[in-house]
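K.L.:
I'd like to ask some things about the structure below.
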Amino acid sequence: MMETVRRECQRSASGFLESSSARVNRIRMEISFVADISKFRDLDTRMAERRGAGTAARDLARPNQVGTDFENPFSSPLGWLGAVLLNIILVLAIGLATVLVPPVMACSEQNARGFYAGDSFGACASRAITARFQDFDGRIRKMILNSGE
C-alpha cells in the first residue's frame, strides 16, 4: 500500500515538473518572438509614430485653439434648436405610428372581407383609433395613480 502511494506521488511530481518545464519553454519562445519583432522597429521609432499621430483629448494649455468638427457639431448658434425639434418630431411620429397603424391595418383586413351594412372604412378606423387612444390614456392614468404606492 505504501509503495503504491509512493509511486503515485513520484508520478504526479514528475508530471508537475514536465508541465512547468513546458511552461518555461513556451515563455522563452514568446520572449524570443517579441525580441525578434523589436529588431524590426525599435521603441524610439514606435514612440515617435505615436507622438506624431496626435491626441484624442483637447489641450487645456491652449484654450483658444480652433476646435474640431466634433467639438463644434452645429454650424449656427441655434443649430441645437433644430436638432431638438427634429428629435421631438421623430419621437412623436414613431409614437403616432405605433398607435395608428394597427387599427388601420385591422380595418383594411375587414374591408377585404366586407363591412356590415352602413359601416365604412373611415368609421371603422375612427372607432378603432379612438378605442386605442382611450386605452393608452387609461394606461397612463393608471401608471400615474399607482406610482405613489
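K.L.:
R50 to A93: FRET efficiency via 1/(1 + (r/R0)^6), r the Cβ-Cβ distance, R0 35 Å, to the nearest 0.05?
P.N.:
The value I calculate is 0.15.
K.L.:
Sticking with this one: Give a residue-ordered list of calculated ³J(HN,Hα) values for the stretch 120-130 (Karplus: 6.51 cos²θ - 1.76 cosθ + 1.60, θ = phi - 60°; whole Hz; x for Gly, Pro).
P.N.:
Working through the residues one at a time gives 9, 5, x, 5, 4, 5, 5, 4, 5, 5, 4 Hz.
K.L.:
Okay, moving on. Karplus couplings for the stretch 104-114 from phi (6.51 cos²θ - 1.76 cosθ + 1.60, θ = phi - 60°), rounded to Hz, Gly and Pro as x?
P.N.:
5, 5, 5, 5, 5, 5, 5, 5, 5, 7, x
Any read-out appearing in this document is the output of simple, stated calculations on the displayed coordinates, not a laboratory observation. Only a predicted model underlies this, so the values are computations on that prediction, with no experimental measurement involved. Positions of Cβ are generated from backbone atoms using ideal geometry, with glycine treated the same way; all protein chains shown enter the neighbour counts.
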